[in-house]
1. Looking only at segment 121-133, decide whether some residue is of a type in the set (S, T, N, Q), more than 14 Å from the chain's Cα centre (by Cα) and over 30 Å from ILE164 (Cα atoms).
2. Looking at the structure I just gave you, is ILE164 among the aliphatic types (A, V, I, L, M), closer than 19 Å to THR29 by Cβ and part of a helix (DSSP H, G or I)?
3. Run ASP118 past the list (1) in contact with a Ser or Thr (Cβ under 7 Å, 6 or more places away or on another chain); (2) surrounded by fewer than 17 Cβ atoms within 10 Å (Cβ to Cβ) and report the number of the one that doesn't hold.
4. Collect the residues in segment 62-120 that are farther than 22 Å from GLY143 by Cβ and part of a loop (DSSP other than H, G, I, E, B), keeping them in residue-number order.
5. Counting only residues that are among the hydrophobic types (A, V, I, L, M, F, W, C) and within 14 Å of VAL114 (Cβ to Cβ), which one in segment 32-55 is surrounded by the most Cβ atoms within 10 Å (Cβ to Cβ)?
6. So, of the residues in segment 122-160 that are among the hydrophobic types (A, V, I, L, M, F, W, C) and within 26 Å of ARG103 (Cβ to Cβ), which turns out to be surrounded by the most Cβ atoms within 10 Å (Cβ to Cβ)?
7. Quick check on my filter: what residues within segment 160-174 are touching a helix residue (DSSP H, G or I) at 6+ places or on another chain (Cβ under 8 Å) and touching a residue at least 24 places away in the same chain (Cβ under 8 Å)?
8. For the structure I just gave you, tell me whether MET30 is touching a residue at least 12 places away in the same chain (Cβ under 8 Å), touching a Ser or Thr at 6+ places or on another chain (Cβ under 7 Å) and in a strand (DSSP E or B).
Amino acid sequence: MQNQTFVAADPIGWHGTTILCVRRDGHVTMAGDGQVSLGQTIVKGNARKVRRIGAGGHVLAGFAGATADAFTLLERLESKLERFPHQLERACVELAKDWRTDRYLRRLEAMMAVADKDRSFTLTGNGDVLEPEFGVIAIGSGGNFALAAARALMEVDGLTAEDIARRSMKIASEICVYTNGNILVESI
């Protein structure tokens, strides 16, 4: 499923982030902006929304939504990865099942993009574990802008996954008022 893309809609109006994951030529890069907004106010400009998780940091995870909810989900995913080492898809499916059926988790308002060296997935509270088309995932309020830019840049020869992610996030930050130019990038 190398040539697929997924962008998650923003059904509950989350504002304040853009996460982009680009897979190209055996490399994967995840980028996230640093802006946190509360309504129309920017409360922080250097948040770290992309992290390495799992033993040895072999999984990249980015989140959009309520911060405490996202941290709860990151911790749960890490525990699933401990239980199912080097089985990202299995860990994601197990987390999605818990997220959908557990009364506490069901109330969490966040989305996640996760990737290892082989696969990328978007996780939602609806129980979705979605693998992208065209090697690109984009979530958050600026996700559609970053997705469009990344899809166009995937057609340009000579660009790495990191080049595409950085350029796409810059474009998204120039269009989406809830996305800033303080971009954190992680690659594997």
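1. Keep residues of segment 121-133 that are of a type in the set (S, T, N, Q), which gives 122, 124, 126.
Next, from what is left, pick out any that are more than 14 Å from the chain's Cα centre (by Cα): 126.
In the following step, the residues that additionally are over 30 Å from ILE164 (Cα atoms) were identified as none.
No, the conditions are met nowhere in segment 121-133.
2. Against the criterion (among the aliphatic types (A, V, I, L, M), closer than 19 Å to THR29 by Cβ and part of a helix (DSSP H, G or I)), ILE164 qualifies.
3. The one condition ASP118 does not meet is (1).
4. PHE84, PRO85, HIS86, GLN87, ASP102, ARG107, LYS117, ASP118
5. VAL50
6. Residue satisfying both the conditions and the ranking: ILE139.
7. Within segment 160-174, ILE164, ALA165, SER168, MET169, ILE171, ALA172 qualify.
8. Here the answer is no, as MET30 does not meet what is asked.
Just so you know, all these numbers are worked out from the coordinates, no wet-lab data involved. Values in this document were obtained by computation on a predicted structure and should not be read as measured data. For neighbour counting, all protein chains shown are included, and Cβ atoms are generated from backbone atoms with ideal geometry for every residue, glycine included.
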